[in-house]
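Sharing a structure below in structure tokens format, with a few things to ask.
What follows is calculated from the coordinates using simple rules that are stated; it is not laboratory data. Since the structure is predicted, the reported quantities are computational estimates derived from the model, not experimental observations. Virtual Cβ from ideal backbone geometry, glycine too; neighbours counted across all protein chains shown.
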Amino acid sequence: MKPRYVVDTNVLIAASAVDPTHPTDIDATPDDPAVRWRVWEWLDRFQASDSRLVLDYGQEIQGEYRNKLGFNDFGIQVVMHKWDTVAVDLVDLESAAGGYRVLPEAISQAMHDLADHKMAAAAYVAENTLGTCPIAFAGDTDWHGWEDVLADHGIFLEPVIEDWSRAKYLEKLAR
């Protein structure tokens, strides 16, 4: 585990869908329970680790989490645990009209999914002020397409189920 992470919402959703204690009947990617289980295992290790969760002062990331998941869902419980154990780092995303001033223009232009801009902005600020901070993701394969431009600006990715997500991304490109 790295010292801190921005955790994309899809990690929390997939792990919550297969949680052995309180599984949630939600639309989650990937569909395969065995692959979801690998996401749950990563999130469980993250929860038990000293790694910190990076969120933003404006609560845009946590707001997205709350919009997609309920209080008892495993993903939200992990977020609450990080708050309870004082393992959250807050960053200022500097919201601007339709984006974030802190996000380099090349990244803003490359990333077509505006909802993911906040994740990239948080990782960029954290990486440049706090230290190492990859973006952990699972079912959202678009991150692979932005990997090079993100790396050019010091933002790195941690694909939780890389074999699955990279294969799905390559299938998407072949269509």
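How charged is the neighbourhood of Gln62? Take every other residue with its Cβ under 15 Å from the Cβ of Gln62, and add Lys/Arg as +1 and Asp/Glu as -1. Intermediate results must be reported in sequence, preceding the final value.
Working: positive: Arg52, Arg66, Lys68, Lys82, Lys118; negative: Asp8, Asp56, Glu60, Glu64, Asp73, Asp84, Asp89, Asp92.
Summing Lys and Arg as +1 and Asp and Glu as -1 gives -3.
Moving on to the next point. Where in the chain are the DSSP H helices whose alpha-carbon span along the long axis reaches 27 Å or more and whose Kyte-Doolittle mean is at least -1.0? Spell out each step's value before the answer.
On the way: long enough: none.
Counting only whole DSSP H runs, no helix qualifies.
While we're here: Check Ala28: other-chain or 5+ apart residues with amide H under 5 Å from its amide H, H built from backbone geometry?
Counting only residues 5 or more places away or on other chains, the set is empty.
In addition: Sequence-distant or interchain residues sharing an amide H contact under 5 Å with Arg52, placed H: which?
Those lying under 5 Å, H to H, from Arg52 are Arg4, Tyr5.
Moving on to the next point. On a C-alpha basis, how far is the centre of region 14-36 from the centre of region 111-175 in Å? Whole number, if you could?
If you average the Cα positions of each part, the centres end up 21 Å apart.
If I model region 51-93 as equal point scatterers sitting on the Cα atoms and use the Debye formula, what is log10 I(q)/I(0) at q = 0.27, 0.32 Å⁻¹?
Log10 of I(q)/I(0), two decimals: -1.00, -1.18.
Can I ask one more? To the nearest whole percent, what portion of all C-alpha pairs in region 4-174 is separated by more than 25 angstrom? Before the final figure, lay out the partial values.
On the way: 3964 of 14535 pairs.
Beyond 25 Å sits 27 percent of the P(r) for region 4-174.
By a straight-distance test (C-alpha under 13 Å), which aspartates and glutamates pair with Lys82 as possible cross-link partners, with residues fewer than eight away in the same chain excluded?
Lys82 reaches Asp44, Asp50.
Using modelled backbone amide H atoms (1.01 Å from N, in-plane), which distant-in-sequence or interchain residues come within less than 5 Å of Asp73's amide H?
So Asp73 has HN proximity to no qualifying residue.
Follow-up. Report the antiparallel proportion of the DSSP beta bridges in the chain as a percent, rounded to a multiple of 5.
Values: 2 of 13 bridges.
Just about 15 percent of them are antiparallel.
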